[in-house]
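Heads up: the structure comes next, in structure tokens.
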Amino acid sequence: MNAVHATSADAQHAQEEGLRAELAHKFLYYMSLMREVEDRIERKLYRQGKVVGGVYVGRGQEAIPVGSALCAEPEDVMLPSHRDMAVFFIRGVSARRVLAQYMGRVDGLTRGRDGNMHMGDMKAGVVSIISALAATVPVAAGVALALRYQGKNGVAFSYFGDGATSRGDWHEGVNLATVQKLPVVFICNNNQYAYSTPLHMQMACANVADRGAAYNMPSEIVDGNDVFAVYEATRRAAAHARAGLGPYMLECKTFRMTGHSAHDAAHYVPKEMFEEWGKLDPIVRLEQRMLEESWAKRDDLDAAQAAVKAEVDDAVAFADRSPWPDPATLLENVYQNE
Amino acid sequence: MPSTTYLEAIREGLWEEMERDPNVFCIGEDIAEYGGAFKVTAGFLERFGTRRVVDTPISEAAIAGAAIGAGLMGLRPVAEMQFADFISCGFDQLVNFAAKCRYRWNAPVPIVVRAPSGGGIHGGPFHSQNPEMWFVRTPGLKVVCPATAYDAKGLIKAAIRDNDPVIFFEHKGLYRRIKDELPEEDYTVPIGKAKVVREGRDLSIVTYGAMVWTALEVADRLAAEEGASVEVVDLRTLMPLDRDTVCASARKTGKVLLVHEDTRTGGMAGELAATINEGAFEYLDGPILRVTAPDTPIPFSPPLEEAFLPNADKVLDKARWLYRY
Ligand SMILES: Cc1ncc(C[n+]2csc(CCOP(=O)(O)OP(=O)(O)O)c2C)c(N)n1
């Protein structure tokens, strides 16, 4: 009896380990893909003039979109912010289409009507990023209202930065969501700067999570550079929201490892902060953990990175071949049937 | 015997659409138990419950944003602004997001935002404005301004069934002032179609909203005074604008007077004048004139408000001058 018991417990343990290893590989794939696509955009295509306009990357923050979006169920709806590219990949939007979007081509999600991360696809359950910061928060409340109205068990995932929480729309949206007990998970990437503005000039409270109390909303502080921590916290938050208990906020502490955008050298950020946070790179940390836990060997990791590079090479080539939009289509689709 | 007021017509249209389509729901401030500031949704809570009559905090951005979110999910929300003036608090959601979704990422936003607008009720600068032009010049939004009970009902139904965002301006001064005999059966009024509400040969007055009634009064008075035959065109929808009907009337009468309650600069009259210039210049027998409110906030005190608002006397003066020209 005892022996049987021990065997099944071992088996269960082995199975759990297997699942964690599998999850770790998924994390690594999406985080690396986001890093590589964004590097290519910011450091190559932008400098070559093949990508024009604003470029905002989430370097150093990849654990947040990846750890959270991998918790989402198919009927959940994602409302990413501008440093959450991996949400699109996890929802099945290819690197090819994302690159075509950045290059203003017809294969981009907006067919050249908008650029960079300002895209969405309701078929993939991703609401377009709204350029006006925090405007997405009331929209998330409406999405959650609709999910409940339609009798679905889905949750809206609402992403934003620390700076966005200063806007009135943020407060109106969170308040409506909490009053109505709507199924929303609010995910803040607190990367400590909003453009050039440091956190203490953005809010008088120490943490974004402190704002939750004003709305009677459970709010947790999470290590945003630890993808497993983000994943576990998001599971708790989504379970809470899915159970009909109302919204739940995660404040993922992280750091923006770049300027605000490709044209910003971030002279206003003390060098030591980049150095300090550079040691906490979420991809490096994940790889170390995978090696320590024997979920992978160095060769496996190198092979995974090489595969990602090859995928991005292909995506860039695809985007480069994708046609430009025809100016004759300029007037189309302002209204239905036009 | 006309029996249904403009307000009841909107209420009936809304009610019937909610009966017809389970995806239609209302969202706004004080609309459930209280029935809305003007009582347009009185009785809706009892019939449709809190699921479909959603009271919100005082949060116009959240009302607009939540309506958009629900619309993206396939529902057909009808959002109420307590007064059109406060739509500015939800402005960004409407002009920057809702208006651009279809064009940018092919996502329809089938929402209606109801906005009680207009002066003549001593509401003062914050409760009397005509903010339609804020939205008319935002491609992607449709803007509707019914003048009659019949059109109010037909247009609210059309707006709810429309797959684009519609801003629905209800003139507060008309709510209980005018009535129509409405058909028993279901009907809609097409968005984007103006209507010649009175045929004439000598002069066209092109207008919308409450000023349609002013124009009709002027048509009667000018006929009595001078034997003039005045045509009155009710735009009904400001965006998309029915340029064909406007130009056809201009070509027919050769003289056009443009009238609106909204202020002058950047008002609809400017766009109409340009449209007529482009589409009927060869047919004109006189200058295109306009009667509008002046470029000031709308004042409170009755003599000031009266001086501000266009009325039949002011319109008649211009109409007579143009007729004799
Ligand atoms: C309403 C509004 N104001 C200003 C901007 C310009 N802007 C774009 S991103 C940004 C900083 C955002 O900071 P935060 O919300 O912390 O997000 P982060 O970029 O740090 O991820 C600003 C000011 C904007 N997009 N929207």
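Computed values, structure above
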| item | result |
| --- | --- |
| Peptides ranked, highest mean first, by Cβ atoms within 10 Å: ranges A:11-22, A:147-158 | A:147-158, A:11-22 |
| Amide H contacts of B:F25 (H built 1.01 Å from N, under 5 Å, at least 5 apart or other chain) | B:R76, B:V78 |
| Helical contribution to [θ] at 222 nm, DSSP H n ≥ 4, -39,500 (n - 2.57), averaged over chain B, rounded to 500 | -11500 deg cm²/dmol |
| Candidate lysines for bridging to B:K157, where Cα separation is under 25 Å - those fewer than 8 sequence places away on the same chain excluded | B:K39, B:K100, B:K142, B:K172, B:K179, B:K193, B:K195 |
| For the protein assembly as shown: rounded, prolate or oblate by the Cα gyration tensor [a/c cutoff 1.5] | prolate |
| Karplus-derived 3J(HN,Hα), 6.51/-1.76/1.60, for each residue of region B:95-104, Hz, glycine and proline x | 7, 9, 10, 3, 4, 9, 5, 4, 5, 6 |
| Cα centroid of region B:251-280 to Cα centroid of region B:115-130, whole Å | 23 |
| Interface residues in region A:154-202 - accessible area drops by 40 Å² or more relative to the isolated chain, probe 1.4 Å | A:E172, A:L176 |
| For chain A, calculated [θ]222 nm from helices alone, where every DSSP H run of n ≥ 4 adds -39500 (n - 2.57) | -14000 deg cm²/dmol |
| Interface burial for B against A (accessible surface, 1.4 Å probe, total of both chains, Å², rounded to 100) | 3200 |
| Accessible carbon and sulfur surface of chain A relative to its total accessible area, %, 1.4 Å | 53 |
| Zero-based 5 Å bins, Cα pair distances in region A:181-288, whole percents | 2, 12, 19, 20, 18, 15, 9, 5, 1, 0 |
| Alpha carbon centroid spacing (whole Å) that separates region A:1-78 from region A:203-263 | 17 |
| Förster radius 35 Å - calculated FRET efficiency between B:W321 and A:L331 (Cβ-Cβ, nearest 0.05) | 0.35 |
| Calculated FRET value between B:D295 and B:E225, using beta carbons and R₀ = 41 Å, to 0.05 | 0.85 |
| Residues of region B:69-111 buried by at least 40 Å² on assembly (accessible area, 1.4 Å probe, chain alone as reference) | B:L72, B:M73, B:L75, B:D92, B:Q93, B:F97, B:R102, B:Y103, B:R104, B:W105 |
| Protection-proxy order for peptides B:151-163, A:209-221, B:88-100, each taking the mean of Cβ atoms within 10 Å per residue, highest first | B:151-163, B:88-100, A:209-221 |
| Only Lys, Arg (+1) and Asp, Glu (-1) charged, at Cβ; the protein assembly as shown dipole about Cα centre in debye | 660 |
| Value in Å of the Kirkwood radius, where region B:195-324 supplies the Cα pairs that are averaged | 14.5 |
| Lysines with Cα under 21 Å of A:K181, excluding same-chain neighbours fewer than 8 positions away | A:K152 |
| Accessible surface of region B:28-185, 1.4 Å probe, proportion on carbon and sulfur as whole % | 52 |
| Built amide H within the under 5 Å cut-off of A:A262, gap 5+ | A:V55 |
| Pairwise centroid distance, computed over Cα atoms, of region A:81-120 with region A:154-179, Å | 23 |
| Accessible area in square angstrom per residue, region B:195-324, 1.4 angstrom probe | 42 |
| Accessible surface, per residue, of chain A when the full set of protein chains is kept, probe 1.4 Å, Å² | 42 |
| For region B:4-180: rounded, prolate or oblate by the Cα gyration tensor [a/c cutoff 1.5] | rounded |
| Cα gyration tensor category, rounded, prolate or oblate, for chain A with a/c compared to 1.5 | rounded |
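The values are calculated or read from the model by the stated rules, or taken from the named source; none is laboratory data. Predicted model only: the values in this text are computed from it and were never measured. Cβ sites come from the backbone with ideal geometry, for glycine too, and all protein chains shown count toward neighbours. Surface areas here come from the heavy atoms of the whole protein model, side chains and all, with no ligands, DNA or RNA. Shrake-Rupley method; radii C 1.70, N 1.55, O 1.52, S 1.80 Å.
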